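For reference, the structure discussed in these notes is given below.
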């Protein structure tokens, strides 16, 4: 049985290195900077451009969402904005959602922040919300993220061939998921 009240309440999720906090307009500067980082754009496949006002409106609406959860990934030691992690695309009938994470550039990559944020969200998804499945998509060139997801228990399900065209080169999208019955964090 899903607990959609837990999803709507979206509590802070504390970890050792990161603290996940409700994403809102107070994180505008960090999100804006992430949206303009070329590596982050490539890893997320973001072709779109946004105005600062569009981003601010989007962020201001996050706390009112009841069918998704958007967190700012912040460094536990000092509260610095590191990126965002999202549970989205609620399919209540099938007890399923998708995960999306975007860290804010090379200065935060490779430090374990993404692994810990992913683990915190999975614990919340399975233990508090009662989901059965969490899925994600990751581009073939993002092998670091694929290793993180595998470390957290995600299983590769398949490939969407040539799903991304980036700077004239086509890339596959790797589809992965983890089930509530799978071994997490093997």
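Taking the number of other C-beta atoms within 10 Å as the exposure measure, put 42, 57 in order starting with the fewest.
Going from least to most buried by this count: 57, 42.
Determine, from the Cβ-Cβ distance of residue 162 and residue 57 and an R0 of 35 Å, the FRET efficiency 1/(1 + (r/R0)^6), rounded to the nearest 0.05.
Using R0 = 35 Å, I get an efficiency of 0.55.
With a cut-off of 8 Å between alpha carbons and a minimum separation of six or more residues, what is the relative contact order of the chain in percent?
Relative contact order of the chain: 21 percent.
I need 47, 132, 171 ordered by Cβ neighbour count within 10 Å, fewest first.
47, 132, 171
Could you tell me how far the Cα centroid of the stretch 49-105 sits from the Cα centroid of the stretch 130-145, in Å?
Centre-to-centre (Cα) distance: 15 Å.
Could you list 152, 183 in order of exposure, starting from the residue whose Cβ has the fewest other Cβ atoms within 10 Å? Numbers along the way, then the final one.
Values: 152 23, 183 8.
Fewest to most other Cβ atoms nearby, the residues stand as 183, 152.
Could you work out [θ]222 nm for the chain from helices alone, using -39500 (n - 2.57) per DSSP H run of at least four and dividing by all its residues? Round to the nearest 500 deg cm²/dmol.
-7500 deg cm²/dmol
Every number here is computed from the coordinates shown, using simple stated rules; none is lab data. A quick note: this is a predicted structure, and the numbers were derived from the prediction, not measured. Heads up, the Cβs are rebuilt from the backbone with ideal geometry, glycines too, and the neighbour counts pull from every protein chain shown.
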